[in-house]
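Below is one structure, written out as C-alpha cells; the observations come after it.
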Amino acid sequence: LRMEQDLRDALQNEELWTAYQPVVDIESGEMVAVEALLRWKHPAHGTISPAEFIPLAEESDLINLIGKYVLRTTTREIARRREQLGIDLNLKVNLSARQLDDPQLVAGVQDALKTTGLPPHALTLEVTESALMRDQAAAAEVLTSLRDLGVTLAIDDFGTGYSSLAQLQRLPLDTLKIDRTFVTGIAESRDAAAIVKSIIAMAHAVDLIVVAEGVEDEEQLAVLRELRCDQAQGFHLGRPAPPDELFGAVE
Ligand code: G
Ligand code: G
Ligand code: MN
Ligand code: NA
C-alpha cells in the first residue's frame, strides 16, 4: 500500500518520465516509430521498472490515471519531435487490459490528439494478446471506437497467449508484434526460425504489419530480413532512451 501511495505521489511530483525505443524499417534501416516505455525515478529507491509498478497500478484505478498521463505527455513530445525532425514518426503507446474497460479511454485518446495536434495515424496503441482474449466482444467494441478515431492498433507480445487466427481476424488490428521469446533463437535454431516464419506468413495473410521485438544482434536481423519481417525493435537497434538522447535537444 505504501508503494501505491508513492506511485500516486509520483504522478503529482513528476517522478514519472518516458523513455523511447526506436522501431526500424528492416528494408530501409530507417527509424519509423518509437515505443513509449514508462520509467519511475523514485527519490529514495532510484529507477523502478514498469515491470514492477505497472502490475501494482493495474490492481486499481491508478492505471487509468497513469495511462492518461502517458497518452497526454507522449503525444505532446512526439508531435513536437515530428516538427523538429520533419519526419512521419509513429508513436507506440502500451495500453493495459484495465484501460480497455475505462469508459473514458476513447475520449481521452481523442483529447490527447486534439490538444497536441498529433495526427491520428501517427499513434499506435499496443494491446497484449492476453488483454484482448479476456472479453473478446468488449475488446472488439472499444478497438473499433479507437480505430474510428484514425489511430492504428497493434497486438503486443504475440505468441505468449492462445489466440487463434480466427479470433484475431475479427479485431480491427493493423500491426502484430512478435514477442521477443520467439526472436531469441532464430539465428541458431531452424525450428525457432520456422516458427517466426509461420507467424509472419500468417500475419501477412491478414494484412498485418509485422514487428519483431527483442532483436539483439545482426544475425537475428539478417534472418528477419530473409523472412520478410517488416520492422524490428531491440537493443541491437537502440535501447529505450530519454528523448533528448534519441532525437537531440530541441532548441
Ligand atoms: O521498458 P520495460 O522492459 O522495463 O517495460 C516492462 C513492461 O512494462 C513491458 O511489458 C511494457 O509493455 C510495460 N510498459 C512500459 N510502459 C508502459 C506504459 O506506459 N503503460 C503500460 N500499460 N505498460 C507499460
Ligand atoms: O511488453 P513490451 O513489448 O511492451 O515491452 C517492451 C520491453 O522489452 C521493454 O521493457 C524493453 O526495455 C524491453 N526490450 C526492448 N528491446 C529488448 C531487447 O532487445 N532485449 C530484451 N531482453 N528486452 C528488450
Ligand atoms: Mn509494447
Ligand atoms: Na511486447
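Per-structure values
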| item | result |
| --- | --- |
| Lysine pairs in segment 2-240 with Cα atoms under 27 Å, if 8 or more residues apart or on separate chains | 9 |
| For Gln136, net neighbour charge (Lys/Arg +1, Asp/Glu -1) across residues whose Cβ lies under 12 Å away | -1 |
| Extension reserve of the Leu65-Gln167 stretch, reckoned as 0.36 nm per residue once the Cα distance is removed | 33.7 nm |
| Cα-based shape type of segment 154-235, given that a ≥ b ≥ c are square roots of the gyration tensor eigenvalues and the cut on a/c is 1.5 | prolate |
| Environment charge of Asn64, counting only residues whose C-beta is closer than 11 Å and scoring Lys/Arg +1, Asp/Glu -1 | -2 |
| Choice from Ile209, Ile87, Ile195 showing the highest fluctuation, given a GNM over the chain with Cα pairs closer than 10 Å | Ile87 |
| Unit charges on C-beta of K, R, D, E only; dipole of the chain, Debye | 380 |
| Additional length obtainable on full extension of the chain from Glu14 to Asp217, 0.36 nm per residue less Cα span | 69.6 nm |
| Selected from Glu27, Glu77, Glu213 as most flexible by GNM, with the chain as the system and alpha-carbon contacts under 10 Å | Glu27 |
| Sorted largest first, extent of the chain alpha carbons per principal axis (Å) | 49, 44, 36 |
| Prolate/oblate/rounded call for segment 15-71, Cα gyration tensor, a/c under 1.5 rounded | prolate |
| Cα-Cα P(r), segment 24-138, percent of pairs per 10 Å interval | 12, 40, 34, 14, 0 |
| Neighbour net charge for Glu77 - beta-carbon separation under 12 angstrom, K R +1, D E -1 | +3 |
| Descending Cα extents along the principal axes, segment 117-158, whole Å | 33, 21, 10 |
| Inter-centroid distance (Cα atoms) of segment 74-115 relative to segment 5-24, Å | 15 |
| Calculated FRET efficiency for the pair Ala137/Ala194, C-beta based, R₀ 25 Å, to 0.05 | 0.15 |
| In nm, spacing of pseudo-spin labels at Met3 and Ala44 (7 Å Cα→C-beta vector) | 1.4 |
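Read-outs: derived from the displayed coordinates by stated rules, not from any lab. Fair warning: this is a prediction, and the values are worked out from it, not measured in the lab. Positions of Cβ are generated from backbone atoms using ideal geometry, with glycine treated the same way; all protein chains shown enter the neighbour counts.
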